[in-house]
Amino acid sequence: MQALQLTAINQLSVVDVPAPEPAAGEAVVTLKAAALNHRDVWIKLGQYAGLKFPAQPGSDGAGVVTALGAGVDAAWLGREVIINPSFEWGANEAAQGSAFTILGLPRAGTLAEQIAVPATQLAAKPGHLTWVEAAALPLAGLTAYRALFGRAQLRAGEKVLVSGIGGGVALFALQYAVAQGAEVWVTSSSADKIARAVALGARGGFDYTREGWAGLVAAQVPGGGFFDVIVDSAGGVGFEHLIDLAAPGGRIVFFGATRGNPAGLPMRKVFWRNISLLGTTMGSPADWRAMTDFVALHKIVPVVSDVFPLAHAAEAFELMERGGQFGKIVVTL
């Protein structure tokens, strides 16, 4: 079969590799599509500890079960599935355990024609989604679900700010919050991305590169410009604005720090206004089940930016590195 391999830092090649054989408890999925995450780019750049060559990236995938290992329920054979990329979460619902890994490193990932995974990682493909849309769901969809509902405990009618709209998790957070009945606002450096977010249900947005942008929020957002829930993945310079924008008792949930650590944290504001700072990573098996149910119930359709065949997967990586996408980048197989 064909697979995309990382043979050295920044060196991607489509190669022929042996088809996987399912071990006990595993199923082989013949993949129809896979999707990229920023994690795949960071692996390509050599930024993950334990990286060994050749590596096969890819955390998101959707396909058909075509072989079963010993002990797997025969009912899985022939089913259309998506794959949970969150492996070995552990028994503690509050946080992942020491054995936790994400599909695509160290385990071979989804950028291949077939993959063998434990059958416990499978879920039925939501029937309203195409293969391309289904492949775009798992990692970002799970991360956004846990952030909003597992950690921030979002309720209908609350105000939500999603920073840096355009990436997969941010867009799922927007779609989920709208489906939940929240009032959602976004930030971006792109007027086009803000407009596209409004088309998806956001009330409006703010250009975070504009001087004094946070001061404009009170004039546009009802209720004084405060948000009950803020979703962020950047951190770094500007994080203090999010604290200023959090309502008393508000929750700031963050799943990354792409801009590094905040230069300073106004602790008095945090404790006096009872603001919660909540870290979150991926999701547990319970989060995964709840997420897939939520997506099916509300007919959530992942936003797909671009689609590439496997032969041009390196171009998909280049697009993600440039950062111009709005939604998920998908590779068909």
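Every residue, every condition in (1) hydroxyl-bearing (Ser, Thr, Tyr); (2) surrounded by 19 or more Cβ atoms within 10 Å (Cβ to Cβ); (3) in contact with a Gly (Cβ under 8 Å, 6 or more places away or on another chain), yes or no:
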{"residue": "3", "(1), (2), (3)": "no, yes, no"}
{"residue": "43", "(1), (2), (3)": "no, yes, yes"}
{"residue": "49", "(1), (2), (3)": "no, no, no"}
{"residue": "57", "(1), (2), (3)": "no, yes, yes"}
{"residue": "80", "(1), (2), (3)": "no, no, yes"}
{"residue": "83", "(1), (2), (3)": "no, yes, yes"}
{"residue": "94", "(1), (2), (3)": "no, no, no"}
{"residue": "97", "(1), (2), (3)": "no, no, yes"}
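When segment 5-29 is limited to residues that are part of a strand (DSSP E or B) and among the aliphatic types (A, V, I, L, M), the one that is surrounded by the most Cβ atoms within 10 Å (Cβ to Cβ) turns out to be 29.
Apart from one condition, residue 305 fits all of (1) under 30 Å from residue 13 (Cα atoms); (2) of a type in the set (Gly, Ala, Ser); (3) part of a helix (DSSP H, G or I); the exception is (3). For residue 263, the criteria (1) surrounded by 13 or more Cβ atoms within 10 Å (Cβ to Cβ); (2) free of Cβ contacts under 8 Å to residues at least 40 places away in the same chain; (3) of a type in the set (A, V, I, L, M, F, W, C) hold in every case but one, which is (1). Please work out which residue is nearest to residue 277 (Cα to Cα), limiting yourself to segment 191-237 and to residues that are of a type in the set (Gly, Ala, Ser) and assigned to a helix (DSSP H, G or I). In this case the residue turns out to be 214. Residues that are of a type in the set (Lys, Arg), assigned by TED's automatic domain parsing to the domain that holds residue 213 and assigned to a loop (DSSP other than H, G, I, E, B) are absent from segment 238-255 altogether.
Residues being over 25 Å from residue 90 (Cα atoms) and part of a strand (DSSP E or B) are represented in segment 141-159 by at least one member.
Looking only at residues in segment 106-140 that are of a type in the set (Ser, Thr, Tyr) and part of a loop (DSSP other than H, G, I, E, B), the one that is farthest from the chain's Cα centre (by Cα) is 130. For segment 30-62, a tally of residues being over 13 Å from residue 12 (Cβ atoms) and either part of a strand (DSSP E or B) or in contact (Cβ under 8 Å) with a residue 24 or more places away in the chain (or both) returns 17. Of all the numbered requirements in (1) in contact with a Gly (Cβ under 7 Å, 6 or more places away or on another chain); (2) assigned to a strand (DSSP E or B), residue 178 misses one, and that requirement is (2). Residues in segment 67-108 that are touching a Ser or Thr at 6+ places or on another chain (Cβ under 7 Å) and in contact (Cβ under 8 Å) with a residue 60 or more places away in the chain: 85, 89, 93, 96, 102, 104.
The values are calculated or read from the model by the stated rules, or taken from the named source; none is laboratory data. Since the model is a prediction, treat every value here as computed from it, not as a measurement. So basically every Cβ, Gly included, is an ideal-geometry build from the backbone, and we count neighbours across all protein chains shown.
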